[in-house]
Every structure is written in structure tokens, then in C-alpha cells.
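The values are calculated or read from the model by the stated rules, or taken from the named source; none is laboratory data. Everything numeric here is computed off the predicted structure, so don't read it as measured data. FYI the Cβ positions are ideal-geometry reconstructions off the backbone, even for glycines, and counts take in every protein chain you see.
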Amino acid sequence: MKLPEQFQALVVDEKGDGVEASLQTLTFDDLPDGDVTIKVHYSSVNYKDGLASIKGGNIVKEYPFVPGIDLAGEVVQSEDDRYNEGDHVIVTSYELGVSHYGGYSEYARVPGEWIVPLPEGLTMKEAMTFGTAGFTAALSIDKMERNGQEPSQGKVLVSGATGGVGSMAVAMLAQKGYEVAASTGKPEENYLTQLGASEVLSREDVTPEKIRSLGKQKWAGAVDPVGGETLAAILSNTQYDGNVAVSGLTAGVKVPTTVFPFILRSVNLLGIDSVYYPQEKRVKLWERLASDLKPETLLEEMTETITMSELPDKLSEILRSQTRGRTVVQIGS
Ligand SMILES: NC(=O)c1ccc[n+]([C@@H]2O[C@H](COP(=O)([O-])OP(=O)(O)OC[C@H]3O[C@@H](n4cnc5c(N)ncnc54)[C@H](OP(=O)(O)O)[C@@H]3O)[C@@H](O)[C@H]2O)c1
């Protein structure tokens, strides 16, 4: 395939005391090492991308930098036997958009080990509607189920429910037959009900000012991308032997809990890391996202599609909790 000499990318670079993100023209010499070059069709916006676009976000160490922790596209050059020109692929996780130029670029070059073939049943755009957020929601549900979670055990809580991980978790759990309670800081009851929540709670309903070590046993399980005091409150209200899958920190990193939920109620705290999840299992989970975990009619409902020039505003909105659901980025024209 004949490649252009130049292409567009969103570059974050130092300016004065801070950093600034702008669309710039790059050449293939600017791309990092890797065995596979991909024409990126879609990327997405995650909380981590927001952090990568600001100074002090503790994601990017060296500038200039191209963020974007997710991409889906078409292979245009490959020195890896597993991939050929024209293959449709997904890349998320590892160092993509962290220390290795990411998906906010018309072309990306990555190690073959980071690539997942686009599974049958998913378009590139759908793959980016999931992106890291959808993958993390799926990972949470998959781990809870491997630990015995079933719909018959009762209501499952999703915190940060209008966010990317949260929206995906609500829709996936509802589709799998779970009764879902969704907690949010936004007036988005209709949206969450449309995704499948049977109960919509405020953040204060879930996290009271004074968190007891052990409260009422309300939740059979929880998907928690929020962390902090919210996690402590969820643990206090989880049923005997329930599973709480924690993936995020938007409410903070300190969790003021005690040992009681664990030693008196056998509550299981499940850690979720999408970044270094083993490749073989990763491919299988993407296949589940193309089948039983794909909330067929709801992906459109929770998705906004933007262009690269709209990225700087959207990255700052996600850090201020002003986004809802998922944002897919159409790369190039
Ligand atoms: N472990 C992993 O591998 C992994 C992977 C992906 C994401 N994450 C983490 O998961 C979290 C969510 O990511 P995302 O991309 O879904 O972000 P997001 O779209 O911004 O969603 C985060 C949601 O958290 C809620 N929230 C924000 N500030 C809060 C506060 N102070 N207290 C309580 N809730 C608050 C908001 O939902 P409501 O307004 O509805 O309450 C917000 O929409 C982030 O911390 C991210 O870094 C981790």
C-alpha cells in the first residue's frame, strides 16, 4: 500500500509551565519503533487520555507525545508473520498512549504482541465504542462470574454509572439478566434506565457522610470504577460472599475501610487491571465482547462520535466528569 509522506496527529507538547494539545503534521520517522504499522480509523476517549493531556496527570513522562490508549484500524505494513496488509485490528493497553505514541494519529506503529485481531461480529467503530472502558467493564463482569456471581443472587451495583466503564457495565449486566442498581452524580435517570438499570441512586445514597464498617447487605456484587470512599461504602453494604470488582479511582485512591466486610461477611474484593491482562485471555474476552457481552441495541445510545479537532475540549470535559457514556473519535477523514 502506498503511504502518504505526512499525516495528522494530536500532539501534546510543553508550553510555558503547562502543556498544550494541538493537531500537528507528522511523518513516519516520528513514529516509535514497532513491527506493525496501522492506518487508524477510530480511537476513543478514556479518563486516562484526559490525564495524558494535562501537566501533572502522571501518565506522560516525555514530550512531545501523541495520546490515545485505544485504536482500531487496518494494517498497512507488517514485519510480524501473524498480521498482513489489510487486516483489521484493535490495539489497547500496554504502553499505548502512555509512553508509546497512541491512537490520536492517522497512523500508528506498534509491537505485534499488543495487537488483537478484530473479532467477527464487531466493526472497528463498535470496537472503539467498547475501547478500554468496555474491555474493563467486561473484565470486571468476567472475573465476578468466575468467582461465582449469578443473577439469582440479587442486585448488582454499578458506581460512576454514567462514565465509560460504568455505562458499559450497566448495559452488559442488564443484558446478562442481572438486576442493576446504578449510582451517579448526574441527573441521568432516563439514560441509565434505557441502558437497563432498574434502580438509579445518587452518589450520596451509596456513599453517606459516615461510612459504617458493616451496613445493610444491599448488593450481591458491584462494579466499581470509582474507588475511594465509594468503595469503602460498597464493601460495607455487600452481601455475604458477594464480589466487588474495583477498577478505578475517580473518587480517590484512599479507601477508608476495615477488615470486617472480609472476615465477617466473606466479601471478595477483585482487582481489575486491563493494561497487562494476558494476551491469550485478552483475545478471548474481545470475542465475548463481540458475542454475549455485546449490548446490541445500546451501543449507539451511549456513544458520541467526534473528530480529532474536537479532542482537546472532550479530553478536558472527561476530567471534569462532564461526559456521558463513551466518546468515539473518527480519525482522519
Ligand atoms: N483498572 C483498569 O485497567 C482501568 C481501565 C479503564 C479505566 N480505569 C479507571 O476507571 C475509572 C473510570 O474510567 P472511565 O474512562 O470510565 O472514566 P469516566 O468516563 O470519566 O467515568 C468516571 C465516572 O466516575 C464518576 N465520578 C467522577 N468523579 C467522581 C467522584 N468524585 N466521586 C464519585 N464518582 C465520581 C462519574 O460518574 P457519575 O457522574 O455517573 O457518578 C464519572 O462519569 C478511571 O479512574 C480510570 O482511570 C481503570
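This table checks each residue for (1) closer than 30 Å to Gly332 by Cβ; (2) of a type outside the set (Gly, Ala, Ser).
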{"site": "Pro208", "(1), (2)": "no, yes"}
{"site": "Gln217", "(1), (2)": "no, yes"}
{"site": "Ala222", "(1), (2)": "no, no"}
{"site": "Val259", "(1), (2)": "no, yes"}
{"site": "Arg265", "(1), (2)": "no, yes"}
{"site": "Ser274", "(1), (2)": "yes, no"}
{"site": "Ala290", "(1), (2)": "yes, no"}
{"site": "Pro295", "(1), (2)": "yes, yes"}
{"site": "Glu317", "(1), (2)": "yes, yes"}
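Within the range 312-333, being away from the ligand (no atom under 14 Å from the Cβ), more than 13 Å from Ala21 (Cβ to Cβ) and either of a type outside the set (S, T, N, Q) or without any contact (Cβ under 8 Å) to a residue 60 or more places away in the chain (or both) holds for Ile331, Gly332, Ser333.
Among the residues making up the range 262-305, those that are in contact with a Ser or Thr (Cβ under 6 Å, 6 or more places away or on another chain) and outside any loop (DSSP other than H, G, I, E, B) are Thr303, Glu304. If I filter the range 59-70 down to residues being in a loop (DSSP other than H, G, I, E, B) and within 11 Å of the ligand (Cβ to nearest atom), which single residue comes out as surrounded by the most Cβ atoms within 10 Å (Cβ to Cβ)? That would be Ile69. Checking each residue in the range 203-218 for being farther than 24 Å from Met144 by Cα and within 11 Å of the ligand (Cβ to nearest atom) picks out only Glu204. Within the range 126-152, the set of residues being away from the ligand (no atom under 16 Å from the Cβ) and in contact (Cβ under 8 Å) with a residue 40 or more places away in the chain comprises Glu126, Asn147, Gly148, Gln149.
Return the residues of the range 184-197 that are of a type outside the set (Val, Ile, Thr) and free of Cβ contacts under 8 Å to residues at least 40 places away in the same chain; say none if nothing qualifies. Pro187, Glu189, Asn190, Leu192, Ala197 - these are the residues of the range 184-197 that are of a type outside the set (Val, Ile, Thr) and free of Cβ contacts under 8 Å to residues at least 40 places away in the same chain. Tallying residues that are part of a helix (DSSP H, G or I), in contact with a strand residue (DSSP E or B) (Cβ under 7 Å, 6 or more places away or on another chain) and buried (at least 18 other Cβ atoms within 10 Å of the Cβ) within the range 112-140 yields 11.
Restricting Tyr42, Tyr101 to residues that are of a type in the set (Phe, Trp, Tyr), touching a strand residue (DSSP E or B) at 6+ places or on another chain (Cβ under 7 Å), under 21 Å from Gly164 (Cβ atoms) and touching a residue at least 40 places away in the same chain (Cβ under 8 Å) narrows the list to Tyr42. The residue list Tyr83, Tyr178 contains one member that is away from the ligand (no atom under 13 Å from the Cβ), crowded, with 24+ Cβ neighbours inside 10 Å and not in a strand (DSSP E or B), which is Tyr178. Are any of the residues in the range 239-261 surrounded by fewer than 24 Cβ atoms within 10 Å (Cβ to Cβ), away from the ligand (no atom under 16 Å from the Cβ), of a type in the set (Lys, Arg) and in a loop (DSSP other than H, G, I, E, B)? Scanning the range 239-261, I find no residue that is surrounded by fewer than 24 Cβ atoms within 10 Å (Cβ to Cβ), away from the ligand (no atom under 16 Å from the Cβ), of a type in the set (Lys, Arg) and in a loop (DSSP other than H, G, I, E, B), so the answer is no. On inspection, Glu209 passes the criterion of being among the charged types (D, E, K, R), out of contact with any Lys or Arg (no Cβ under 7 Å at 6 or more places or on another chain) and at pLDDT below 95. Quick check on Gly221: is it closer than 30 Å to Pro119 by Cβ, at pLDDT 95 or above, away from the ligand (no atom under 15 Å from the Cβ) and not in a helix (DSSP H, G or I)? It is true that Gly221 is closer than 30 Å to Pro119 by Cβ, at pLDDT 95 or above, away from the ligand (no atom under 15 Å from the Cβ) and not in a helix (DSSP H, G or I). The single residue among Ser291, Ser309, Ser274 that is touching a residue at least 60 places away in the same chain (Cβ under 8 Å), within 16 Å of the ligand (Cβ to nearest atom) and either surrounded by fewer than 14 Cβ atoms within 10 Å (Cβ to Cβ) or among the hydroxyl-bearing types (Ser, Thr, Tyr) (or both) turns out to be Ser274. If you go through the range 30-49 and keep only what is of a type in the set (A, V, I, L, M, F, W, C), more than 16 Å from the ligand (Cβ to nearest atom) and more than 17 Å from Val116 (Cβ to Cβ), you end up with just Leu31.
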